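Notes for the one structure printed next.
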Amino acid sequence: QVQLVESGGGLVQAGDSLRLSCVASGRTFSNYVMGWFRQAPGKEREFVATINWNTGSTFYADSVKGRFTISRDNAKNTVYLQMNSLNAEDTAVYYCAARPVYISTWRGDEIYWGQGTQVTVSS
């Protein structure tokens, strides 16, 4: 059974940093793209960042570029999201997700999602 388990969220002040972790289990993810998404209250879930598990190539939303860094540790089967210079607009539930590289959408039965971790930034 595939599981994505996020951790590392919390309450911080504006300007602080947090590192989120996503431990992936239940299958081999070498041919997957791992992503972080977030959903703020009253808003739709939005893309934050992705990393190709095999190649390590990354992609970021404009709103987090230069502040957030996505990375992975193959030995630990873990994907990280280092978040620096946090501001109130970053407040959201952050979700980890995985999709096969041959699928271009983050919707559908072949996409795996974690349960989410809350990040709250006080201004």
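The values are calculated or read from the model by the stated rules, or taken from the named source; none is laboratory data. All figures in this text were calculated on a predicted structure; none of them were measured in a lab. Note: ideal-geometry Cβ built from the backbone for every residue, glycine included; neighbour counts use all protein chains shown. For the accessible areas, the whole protein counts, side chains as well, though only heavy atoms, and no ligand, DNA or RNA atoms are used. Shrake-Rupley method; radii C 1.70, N 1.55, O 1.52, S 1.80 Å.
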inquiry  = Give me the residue from the stretch 73-107 that is basic (Lys, Arg) and free of Cβ contacts under 8 Å to residues at least 60 places away in the same chain and, out of that set, farthest from SER57 (Cα to Cα).
reply    = ARG107
key: Count of residues meeting criterion [under 14 Å from the mean Cα position of the chain (by Cα) and either surrounded by fewer than 16 Cβ atoms within 10 Å (Cβ to Cβ) or within 17 Å of GLY114 (Cα to Cα) (or both)] in the stretch 41-52   = 7
note = If we keep only residues of the stretch 65-105 that are aromatic (Phe, Trp, Tyr) and assigned to a strand (DSSP E or B), then the residue farthest from the chain's Cα centre (by Cα) is PHE68
message = Looking for something within 12 Å of the chain's Cα centre (by Cα) and buried (at least 20 other Cβ atoms within 10 Å of the Cβ) - is there at least one such residue anywhere in the stretch 53-62?
response = no
note = Checked pairs for the stretch 1-23, first within 16 Å of ALA92 (Cβ to Cβ) and open to solvent by 40 Å² or more (accessible area, probe 1.4 Å), second modelled with pLDDT under 95 and assigned to a loop (DSSP other than H, G, I, E, B), C-beta under 6 Å and 6 or more apart or across chains, list as ALA14/SER123
request  = With the condition kept exactly as written, say whether any residue in the stretch 66-74 is closer than 15 Å to GLY35 by Cβ, surrounded by fewer than 20 Cβ atoms within 10 Å (Cβ to Cβ) and polar (S, T, N, Q).
outcome  = yes
ask   = Name the pairs whose Cβ atoms lie under 8 Å apart, with the first residue in the stretch 51-64 and in a loop (DSSP other than H, G, I, E, B), the second of a type in the set (Asp, Glu) and open to solvent by 30 Å² or more (accessible area, probe 1.4 Å), and 6 or more positions between them or separate chains?
value = ALA61/GLU46; SER63/GLU89
inquiry  = Can you find, within the stretch 107-123, the residue that is most open to solvent (accessible area, probe 1.4 Å) among those that are assigned to a loop (DSSP other than H, G, I, E, B) and at pLDDT 95 or above?
reply    = GLN115
